[in-house]
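The values are calculated or read from the model by the stated rules, or taken from the named source; none is laboratory data. Nothing here was measured: the structure is a model prediction, and the numbers come from that model. As a convention, Cβ positions derive from the backbone with ideal geometry for all residues, glycine included, and neighbour counts pool all protein chains shown.
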Amino acid sequence: MAEEKSEIDLSDILYTFTQKSVADFPELSGKFAIYVAATNALYGSLTSKEEQQQLREYLSTQAQTAQTSRSREMDGYSLMIFKDNGRRSHTFSTTPYAQEVTSILEHELGHLVAPGGLNSPLAECIAEIFSIIRQQQQNPTNRETLEQVAVSRASSARQLVTGDASHFYLPVLQEMERFAISYDLTQMPMPPVYAANFAYRLSYWNAVPDDALQQLKKEYASAKTPLQELDVMDFAIDNKPVMQKIAQECAKIMFDAAGENADLVFNTGKAFLEPFLDKRNDILLTWDDADLAAFDNAFWNDVREKIKERPVQAESTPERTLRQQARDIMIFGLFDKDPDEKIDPAAYESKENLAYLRRAMDAYVSISMAAGPDTDQEEVIARSCQIAEQSLATGPRRTTPPAQRM
């Protein structure tokens, strides 16, 4: 039985979290504060009572219009509003509630410390991946990581299907899951800045482009029609009849999709439906077995079969495997000048740097195919960087040997 919200010591969690955050990211020292809307309490690393009072008054005003927790920067301060609505958004119902709180806090911290965490189209995605990585680094198994991915995946798809694309990061979550399974990240220590960089890279290279995202919203536009039946303050997920109608429309859309966006449409619908079809009331929270029995009929059994029949991925080839390997190496930062230096998004996304990274990946594949499987990977990475640098004089130049991350 998981602990309830009322059983946790929020003060202790917040105090410990602020201390660790400042230790991990020294730039927060003296300028970091978390405001708890429910108690008007302020935690952080502020040095004067005058500062504390001014920020408490400011954040109290901001909290009045915030529906959930928020992060922002103001006059050099890194500020967080913690507003707990009592609903889980990161963990299963069976998980200790303290972990839910920590996951939310890590997400908001990601906005403040990760590259692109604020004022970026990828900000929500980066913050969520940062939270998942930080949770994994603090827990001994992959279970917590895969749990948070499962909850976030369902939430991301549900929000998109019901009309909100601002928190849609399904492909990035799928890649995070693959990394967690393919590489034992629990045995791969990630220093705080490296974890922030990893969250940025994974998000940048896997997020859905804006034009495709807008098209995806159009594909699912008809699914949100039943939402008109809701009262303004209702949570859609709690209204079973409305969600059943949305699910039925979602199933039609995902199988009818055609064109270059078809796989994305299908995967979004699948992620939306899976908690209902698999009877995951640990994710759906307010749904019990009796509610989920609505998905036990001929229509939904046919949907389950169609999902099973869909090919999962393209057939693997040696070259495709190497290209995936090269891409993973790039995500780990091993083609970067210094994987442990905090990324400047403007520099990273520059035309010159992107050309360098693509050339390094191509070189890695070419060298690996010619050399065979017994070639030392660190040597292949170093040679790939050299080739990329030589062919693109403006590419970043490695000053340190490849870090042992994989």
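Values as computed for the structure displayed
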item: Any hit, segment 56-70, residues being under 21 Å from the mean Cα position of the chain (by Cα) and closer than 18 Å to residue 138 by Cβ; result: no
item: Single condition residue 350 does not satisfy, out of (1) within 30 Å of residue 27 (Cβ to Cβ); (2) free of Cβ contacts under 8 Å to residues at least 24 places away in the same chain; (3) surrounded by 15 or more Cβ atoms within 10 Å (Cβ to Cβ); result: (3)
item: Selected residue (only one of 181, 126 is hydrophobic (A, V, I, L, M, F, W, C) and under 30 Å from residue 73 (Cβ atoms)); result: 126
item: Residues satisfying the stated conditions in segment 52-66, i.e. of a type in the set (A, V, I, L, M, F, W, C) and buried (at least 16 other Cβ atoms within 10 Å of the Cβ); result: 55, 59, 63
item: Residue 286 among the hydroxyl-bearing types (Ser, Thr, Tyr), outside any helix (DSSP H, G or I) and under 26 Å from the mean Cα position of the chain (by Cα); result: yes
item: Residue in segment 79-98 that is assigned to a helix (DSSP H, G or I) and either of a type in the set (D, E, K, R) or within 25 Å of residue 237 (Cα to Cα) (or both) present; result: yes
item: Out of 252, 270, 240, 217, sole residue that is surrounded by 18 or more Cβ atoms within 10 Å (Cβ to Cβ) and among the basic types (Lys, Arg); result: 270
item: Scope segment 371-389; condition among the acidic types (Asp, Glu), without any contact (Cβ under 8 Å) to a residue 24 or more places away in the chain and assigned to a helix (DSSP H, G or I); matching residues; result: 379
item: Members of segment 129-178 found to be among the acidic types (Asp, Glu), modelled with pLDDT under 85 and not in a loop (DSSP other than H, G, I, E, B), listed by number; result: 144, 147
item: Candidate set from segment 5-28 (those that are surrounded by 12 or more Cβ atoms within 10 Å (Cβ to Cβ) and not in a helix (DSSP H, G or I)); member that is modelled with the lowest pLDDT; result: 8
item: Residue pairs meeting the criteria (Cβ under 6 Å; at least 6 apart or on separate chains; first surrounded by fewer than 19 Cβ atoms within 10 Å (Cβ to Cβ), in segment 67-96; second among the hydrophobic types (A, V, I, L, M, F, W, C)); result: 72/79; 83/37; 83/66; 93/285; 94/2; 96/2
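Residue by residue, here is whether (1) over 30 Å from residue 25 (Cβ atoms); (2) outside any loop (DSSP other than H, G, I, E, B); (3) not acidic (Asp, Glu) holds:
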position: 320; (1), (2), (3): yes, yes, yes
position: 330; (1), (2), (3): no, yes, yes
position: 334; (1), (2), (3): no, no, yes
position: 354; (1), (2), (3): no, yes, yes
position: 360; (1), (2), (3): no, yes, yes
position: 369; (1), (2), (3): yes, yes, yes
